[in-house]
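Written out below as structure tokens is the structure these notes cover.
The values are calculated or read from the model by the stated rules, or taken from the named source; none is laboratory data. Note that this is a predicted model, so its numbers are computed, not measured. Neighbour counts run over all protein chains shown; Cβ positions are idealised from the backbone, glycine included. Keep in mind that these areas ignore ligands, DNA and RNA; they rest on the heavy atoms of the full protein, side chains included. Shrake-Rupley method; radii C 1.70, N 1.55, O 1.52, S 1.80 Å.
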Amino acid sequence: MFLFRRAREDRAFREAQQAGHALLLRLQATQPWPNFPEPTPQAPAAGESVVPDFLPPELRVPSRQDAAGVMMRWQPPLVVSGEVRTCPECGMYRDWIVFRMRDDSIWLRCRAGHETKERGLDAVWFNRNSGPVDRFHPTLEEGLRHLGH
């Protein structure tokens, strides 16, 4: 019995809401709205310069097109397609610097400085495993120094 009473009360409430909404729409359709004048743009006063809405260049963050690539440190062994990646020159298998270049290619750099292109990884993998960009470095050497290489 309690369930039927609750359903009746809910239905009555919905019907009252719909009736009120229909009344509000009719009222808005019949009401004349005041004619508000369009705001006129103010011309700058004499001696006052127009400042653009942009940040000054020294405060702007470089865009993705401005950066040659993004790098991150990968300390555990790097497993791609079930296989542990090793450096083809020195055999090292951990403590990589992983680069995602502007063309979305992935490069690996071992601690000894050997670089190799990794075809088994893509930009999606890099974006999933890297954190947010916390710094921009003007040179590769400064970026490597920041990551401990």
Students often get this wrong, so try it: which of (i) 2.12; (ii) 1.23; (iii) 1.60 is Cα Rg over 2.2 N^0.38 Å as calculated from the structure shown? (i)
Heavy atoms only, probe 1.4 Å: what % of the accessible area of the chain goes to carbon and sulfur, would you let me know? 56 percent
Ellipticity estimate at 222 nm from DSSP helix runs (n ≥ 4, -39,500 (n - 2.57)) divided over the chain, nearest 500: -9500 deg cm²/dmol
Taking the Cα centre of the chain as the origin, how large is its charge dipole in debye, to the nearest 20, when only Lys and Arg (+1) and Asp and Glu (-1) carry charge on their Cβ atoms? 860 debye
Around D122: net Lys/Arg minus Asp/Glu count, Cβ-Cβ under 15 Å: +3
